Amino acid sequence: MSAYDIILAPVITENTAMLAEERKYTFRVDFRANKYQIKDAVESIFGVQVEKVNTMHVRGKLKRQGRNVGYTSKWKKAVITLKPESKTIDFFEGI
């Protein structure tokens, strides 16, 4: 897998905007990727130094449309903490 296959999309919410001030950035990542692969992918794409990677599985929510019932897809979320001497990720600036 390439780095762009591992990092799928940034997660942009009010909470992640506040975490960005603490040098923590949140991404939606491939479900099969481990912490080492996520760290290498973020470092190669954004050119930063990663201190820590926290991952979690997000379960799909139950959704109903009339009598039809189903679940949204499950996905994996990674919270990346940067080292203090590292530069910031410019993508999250101004949010």
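The values are calculated or read from the model by the stated rules, or taken from the named source; none is laboratory data. All values derive from a computational prediction rather than experimental measurement. Cβ atoms come from the backbone with ideal geometry, glycine included; neighbour counts cover every protein chain shown.
Assorted remarks:
- Residue in the range 47-69 that is part of a helix (DSSP H, G or I) and not aliphatic (A, V, I, L, M) present: no
- Test: residue in the range 76-91 that is in contact with a Leu (Cβ under 9 Å, 6 or more places away or on another chain), over 22 Å from residue 14 (Cβ atoms) and assigned to a loop (DSSP other than H, G, I, E, B): no
- Candidates 9, 17, 3, 78 - the one that is in contact with a Ser or Thr (Cβ under 8 Å, 6 or more places away or on another chain), surrounded by fewer than 17 Cβ atoms within 10 Å (Cβ to Cβ) and of a type in the set (A, V, I, L, M): 3
- Residue within the range 23-37 that is under 23 Å from residue 91 (Cβ atoms), in contact (Cβ under 8 Å) with a residue 40 or more places away in the chain and of a type in the set (Asp, Glu) present: yes
- Lone unmet requirement of (1) modelled with pLDDT under 95; (2) over 19 Å from the mean Cα position of the chain (by Cα); (3) surrounded by 10 or more Cβ atoms within 10 Å (Cβ to Cβ); (4) of a type in the set (D, E, K, R) for residue 87: (2)
- Residue in the range 52-73 that is touching a residue at least 40 places away in the same chain (Cβ under 8 Å) and loosely packed, with under 14 Cβ neighbours inside 10 Å present: no
- In the set (1) touching a residue at least 24 places away in the same chain (Cβ under 8 Å); (2) within 16 Å of residue 90 (Cβ to Cβ), the condition left unmet by residue 43 is number (1).
- Candidates 13, 55, 72, 26, filtered to the one that is of a type in the set (Val, Ile, Thr), at pLDDT 95 or above and out of contact with any helix residue (DSSP H, G or I) (no Cβ under 8 Å at 6 or more places or on another chain): 72
- Residue 33 being touching a strand residue (DSSP E or B) at 6+ places or on another chain (Cβ under 9 Å), of a type in the set (Gly, Ala, Ser) and surrounded by fewer than 17 Cβ atoms within 10 Å (Cβ to Cβ): no
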